[in-house]
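Worksheet: the structure to be examined is printed underneath.
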Amino acid sequence: MDAPDLPTLLTGMRRAAATGSGLSAFSPAALARHTAADCLTLTLLSARGAAEVLWADPDDVIGVPLEDLQYTLGEGPTRDAARTHHTVTTDDLHTATTQWPALAEAAHAASTARAIAALPVGLGVIVPAVLTACRTTPTPFTPDQLTTLATLAAALIHPLLLTTLHLTDTGLGAPDLLRAEVHQAAGMISVHLDLPIEAALLRLRSHAWTHSRPLREVAHEVVTDRLHLDPG
């Protein structure tokens, strides 16, 4: 059987959302194939700078590490798309040293995504999330492909709202969140060092970057009581 085309997938998404289905009902890998991307992620961002990958393929080794790098360094196309409410693209992240110097260096060292398109997902001036499409080659997204991504971003609004309502009901530390341990570790650091939660997150991210380690790995060591950050 042939794979469904994009209009059929989008129609299915709208019908599923109308019956109360959240993001888990849709496959990022299947939709990525229709947008000429190697992977898709949907990241929820808060006004305080927190970020959580809500939607990604379980086997994603490109987009999720990129989102982790952006969260650790505090810069990148996903964050800029949320801040400006406009689509942000780069033909090659590894050479984008003017826009995101730290991220470009880290992405090159990690051999992660190259071409990026980050699109705000929201209603009017409210942009709670960003859809980020990645390629492993420095091949720019064409205008038609960006239009397709914009159509997909619009279709994700309703499922996103349903998913965030679920998170509100279950709590931010729900086990299915990719950064649950990061939030937990930040809370522990906040108590231990008597810091506001934003400052605790910054300490955690700074430690990960300074020691060239994945943020979630550092958070896991804090939560399991194998790492203690000193005041400083």
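Numerical summary
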{"quantity": "Boolean, LEU40 is out of contact with any Pro (no Cβ under 8 Å at 6 or more places or on another chain) and touching a residue at least 24 places away in the same chain (Cβ under 8 Å)", "calculated": "no"}
{"quantity": "Total residues in the range 105-122, condition in a strand (DSSP E or B) and open to solvent by less than 10 Å² (accessible area, probe 1.4 Å)", "calculated": "5"}
{"quantity": "Residues located in the range 63-80, provided they are touching a strand residue (DSSP E or B) at 6+ places or on another chain (Cβ under 7 Å), of a type in the set (A, V, I, L, M) and either closer than 12 Å to LEU42 by Cβ or surrounded by fewer than 24 Cβ atoms within 10 Å (Cβ to Cβ) (or both)", "calculated": "VAL64"}
{"quantity": "Any pair with Cβ under 8 angstrom, 6 or more apart, that starts in the range 131-152 at a residue that is surrounded by fewer than 22 Cβ atoms within 10 Å (Cβ to Cβ) and ends at one that is of a type in the set (Val, Ile, Thr)", "calculated": "THR136/ILE62; PRO138/THR95; PRO140/THR89; GLN145/THR35; LEU146/THR87; LEU146/THR89; THR148/THR35; ALA150/THR87"}
{"quantity": "Qualifying position, being of a type in the set (Ser, Thr, Tyr), at pLDDT below 85 and assigned to a helix (DSSP H, G or I), among THR164, THR147, THR151", "calculated": "THR164"}
{"quantity": "The one condition in (1) within 25 Å of SER46 (Cα to Cα); (2) open to solvent by less than 70 Å² (accessible area, probe 1.4 Å); (3) over 14 Å from the mean Cα position of the chain (by Cα) that HIS94 fails to fulfil", "calculated": "(1)"}
{"quantity": "Residues located in the range 27-62, provided they are modelled with pLDDT of 85 or more, among the hydrophobic types (A, V, I, L, M, F, W, C) and open to solvent by 50 Å² or more (accessible area, probe 1.4 Å)", "calculated": "VAL61"}
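The values are calculated or read from the model by the stated rules, or taken from the named source; none is laboratory data. In this text, all values refer to a predicted model and were calculated from it rather than measured experimentally. A quick note on method: Cβ atoms are made from the backbone with ideal geometry, for glycine too, and the neighbour counts reach across all protein chains shown. The accessibility values were calculated without ligands, DNA or RNA, using every heavy atom of the protein model including side chains. Shrake-Rupley method; radii C 1.70, N 1.55, O 1.52, S 1.80 Å.
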